[in-house]
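Worksheet for the structure shown next.
The values are calculated or read from the model by the stated rules, or taken from the named source; none is laboratory data. This structure is a prediction, so every number in the text was calculated from the model and none was measured. Note that each Cβ is placed from the backbone with ideal geometry, even for glycine, and that neighbours are counted across all protein chains shown.
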Amino acid sequence: MSGLVLALITCLCEAADVTINAATPEIGIDHNNIAVIINTADSLSVAAGEYYARARRIPLSNLIRVRFAPGASGLAVDEFRRVKARVEASAPRSIQAYVLTWTTPYHVDCMSITSAFAFGYDRSYCASGCSPTRSSAYFDSPSRAPATDLGIRPTMMLAGRDATDVRALIDRGVRSDGTYPHGSAYLLFTSDHARNTRALLYPLVRSPTPGLLDIKMLRQDTLTDRKDVMFYFTGLPAVAGLDTLAFLPGAVADHLTSAGGMLTDSNQMSALSWLHAGATASYGAVVEPCNFPQKFPQPAVVIRRYVLGETLIEAYWKSVAWPGQGVFIGEPLAAPYRAAR
């Protein structure tokens with residue numbers, strides 16, 4: 001087992017050292033403390049943001065409108081700083097997380113746009129070649145108020161191939177709340193050795209609710225004809241068989257590869273394919289990350305935290321130790337394992 005994997009196991013076994021503010025709410029991230037960022041120059045962003053606000057009963061004061069030219073895969077650093085300054089000046093002090101209502105841009109230079117909004121643009125979260133990046137203080141953290149406790153606002157994109165996909169994504173997330181689905185977590189050991197690195201961590205996965213979630217570790221490249229998919233983690237440049245699967249509302253799925261987070265112009269399978277197939281969240285790298293498992297979601301963390309009641313954005317963000325090069329996409333407030341509010 002490599003030193004990098006051993007180091008990650010150590011991180012997984014030791015909770016982050018976070019001092020929780022006395023005023024930290026126990027409720028976590030919800031519709032009252034998430035801000036919806038809308039690009040008024042992008043009609044799809046406007047439609048998605050307004051639909052999401054209605055679907056999730058988000059206060060109008062939490063809708064923040066910015067403007068920049070849509071369509072490009074990347075946002076220039078100076079333009080990003082202008083946009084983020086506008087967001088920070090407009091956000092109520094109670095805001096703990098952001099949701100971006102567009103599919104492009106998905107990166108800011110060497111950072112994903114979700115990490116750039118969470119941390120601010122900072123090249124220490126990037127890598128030159130195959131090297132580590134700065135760690136996230138939010139990784140496997142007990143914090144329920146990351147902005148208050150850590151100065152981090154985790155961010156997710158309501159992304160999709162088109163407006164129909166985005167609306168369906170939102171509907172799935174809302175529909176998942178409080179359903180306590182009986183499903184399975186599929187963890188695939190693939191034949192692609194370079195992209196199979198996090199499979200060494202699969203034995204750490206436990207079901208927090210035996211009888212409600214089944215853990216299935218499979219040595220195969222393709223999963224087909226399953227109707228109970230709640231989690232699906234694999235390592236391949238492209239994943240076959242998605243059209244034969246039924247994802248439960250709130251499902252999480254991703255593939256470890258170099259360019260899955262290049263949402264609209266990748267030479268590999270885009271993470272958008274998971275959402276199109278019916279997943280409620282996915283993740284992928286926007287620039288070459290190499291195959292460090294720390295740069296990808298760790299199933300043991302996201303499964304435990306999600307099934308014990310955290311929202312999707314909390315559980316998924318807390319599962320990535322080095323998230324600077326990866327983009328989070330999905331419906332952030334999905335909470336299938338928590339009583340509906």
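General observations
- Given (1) closer than 24 Å to Met156 by Cβ; (2) touching a helix residue (DSSP H, G or I) at 6+ places or on another chain (Cβ under 7 Å); (3) hydroxyl-bearing (Ser, Thr, Tyr), number of the condition Thr179 does not satisfy: (2)
- Pairs, first at negative phi in the range 73-94, second assigned to a helix (DSSP H, G or I) and surrounded by fewer than 16 Cβ atoms within 10 Å (Cβ to Cβ), C-beta under 8 Å, six or more apart: Pro92/Ser61
For (1) within 24 Å of Phe189 (Cβ to Cβ); (2) under 12 Å from the mean Cα position of the chain (by Cα), each residue gets a yes or a no:
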| position | (1), (2) |
| --- | --- |
| Ala259 | yes, no |
| Gly284 | yes, yes |
| Cys290 | yes, no |
| Val301 | yes, no |
| Trp317 | no, yes |
| Val320 | yes, yes |
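- Pick from the range 271-327, criterion touching a Lys or Arg at 6+ places or on another chain (Cβ under 8 Å) and part of a strand (DSSP E or B), ranking: surrounded by the fewest Cβ atoms within 10 Å (Cβ to Cβ): Gly326
- In the range 101-114, the residues that are assigned to a loop (DSSP other than H, G, I, E, B) and of a type in the set (A, V, I, L, M, F, W, C): Trp102, Cys110
- Filter pass, Ala279 being closer than 19 Å to Lys318 by Cβ, modelled with pLDDT of 95 or more and among the hydrophobic types (A, V, I, L, M, F, W, C): yes
- Neighbours by Cβ (under 6 Å, 6+ apart or cross-chain): first from the range 188-208, without any contact (Cβ under 8 Å) to a residue 40 or more places away in the chain and surrounded by fewer than 19 Cβ atoms within 10 Å (Cβ to Cβ); second of a type in the set (D, E, K, R) and not in a helix (DSSP H, G or I): Phe189/Arg219; Ser191/Asp221
- Where Thr234 falls short, out of the listed (1) under 15 Å from Leu275 (Cα atoms); (2) under 19 Å from the mean Cα position of the chain (by Cα): (1)
- Filter result for Ala334 (outside any helix (DSSP H, G or I), in contact with a helix residue (DSSP H, G or I) (Cβ under 8 Å, 6 or more places away or on another chain) and crowded, with 24+ Cβ neighbours inside 10 Å): yes
- Residue in the range 119-136 that is in contact with a Leu (Cβ under 9 Å, 6 or more places away or on another chain), surrounded by 15 or more Cβ atoms within 10 Å (Cβ to Cβ), at negative phi and assigned to a helix (DSSP H, G or I) present: no
- Residue, surrounded by the most Cβ atoms within 10 Å (Cβ to Cβ), within the range 39-60, restricted to residues that are more than 14 Å from Leu158 (Cα to Cα) and in contact (Cβ under 8 Å) with a residue 12 or more places away in the chain: Ile58
- Qualifying residue in the range 214-227 (condition: buried (at least 22 other Cβ atoms within 10 Å of the Cβ) and touching a residue at least 40 places away in the same chain (Cβ under 8 Å)): no
- Some residue of the range 159-171 being over 18 Å from the mean Cα position of the chain (by Cα), modelled with pLDDT of 95 or more and among the polar types (S, T, N, Q): yes
Here's the yes/no breakdown for (1) at pLDDT 95 or above; (2) part of a helix (DSSP H, G or I); (3) exposed (fewer than 15 other Cβ atoms within 10 Å of the Cβ); (4) in contact with a strand residue (DSSP E or B) (Cβ under 8 Å, 6 or more places away or on another chain):
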residue	(1), (2), (3), (4)
Ile9	no, yes, no, no
Ile37	yes, no, no, yes
Arg81	yes, yes, no, no
Lys84	yes, yes, no, no
Val87	yes, yes, no, yes
Pro92	yes, no, yes, yes
Val99	yes, no, no, yes
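- Looking across the range 55-67, just one residue is closer than 18 Å to Gly120 by Cα and either touching a Phe, Trp or Tyr at 6+ places or on another chain (Cβ under 9 Å) or assigned to a helix (DSSP H, G or I) (or both), and that is Ile64.
- Selection count where residues are aliphatic (A, V, I, L, M), buried (at least 24 other Cβ atoms within 10 Å of the Cβ) and either part of a strand (DSSP E or B) or more than 15 Å from the chain's Cα centre (by Cα) (or both), scope the range 244-257: 3
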